[in-house]
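One structure below.
Coordinate-derived values only; no laboratory data. Note that the structure is a prediction, hence the values are computed from the model and not measured. Cβ: placed from backbone, ideal geometry, glycine included. Neighbour counts: every protein chain shown.
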Amino acid sequence: MLYHQLGVVALAGTAVLACAVVSDSAFLSEGQKYVETVVPAVTQSWNADEILTRADPRMLEVFPADRIREMTEQCSRKLGRVRSARTLLSSGGVVANADMMGKEASYVVRLDCEKGAADVTITVHKSVAGWKILGFYVKISADPSTGASRLIGS
């Protein structure tokens, strides 16, 4: 499967001192509720501002607003309006390092859109300040004529 990577946020330079798997279902459920409000807010009209207002500052250092706007414009052109969304997968952990304390979780949300399907992988962080987005990736399902998938992300 061929992947075309248009953008990736890597929180480089953040050395994790400790990371443990969390089996805290209440935390994952809370995170899922947050994600299930964020994803529709972003994808309803592919609105970059919905990501920007919720983005962790470290994400914006690596993936600035103009790149996020470009990503959402591409998604709008390639996918069109979203008809339905459902969460497929979640995972979480505790993060403890010099820059970031709290819990982090990733979710995969399947989108059924006018022009095809896509999976959104969204990584969120919860600290005493609340929930913030650390990453937002959209993988457009394979084009039947080429077999190629596209990864578009922040």
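Once the other residues with Cβ under 12 Å from the Cβ of residue 68 are scored (Lys, Arg +1; Asp, Glu -1), what is the net sum?
Taking every Cβ under 12 Å from that of residue 68, the sum is -2.
With a Förster radius of 30 Å, plug the Cβ-Cβ distance of residue 112 and residue 30 into 1/(1 + (r/R0)^6) and report the FRET value to the nearest 0.05.
The formula returns an efficiency of 0.75 here.
Provide the net charge surrounding residue 131, with neighbours chosen by a C-beta distance below 9 Å and charges set as Lys +1, Arg +1, Asp -1, Glu -1.
Combined, the nearby Lys, Arg, Asp and Glu give +2.
Rank-order 26-33, 118-125, 107-114 by packing density, defined as the average count of other C-beta atoms within 10 Å over each peptide's residues, highest first.
118-125, 107-114, 26-33
What pairs from 78/132; 33/78; 78/139 go past 18 Å between their alpha carbons?
As for pairs spanning more than 18 Å Cα to Cα, those are 78/132; 33/78.
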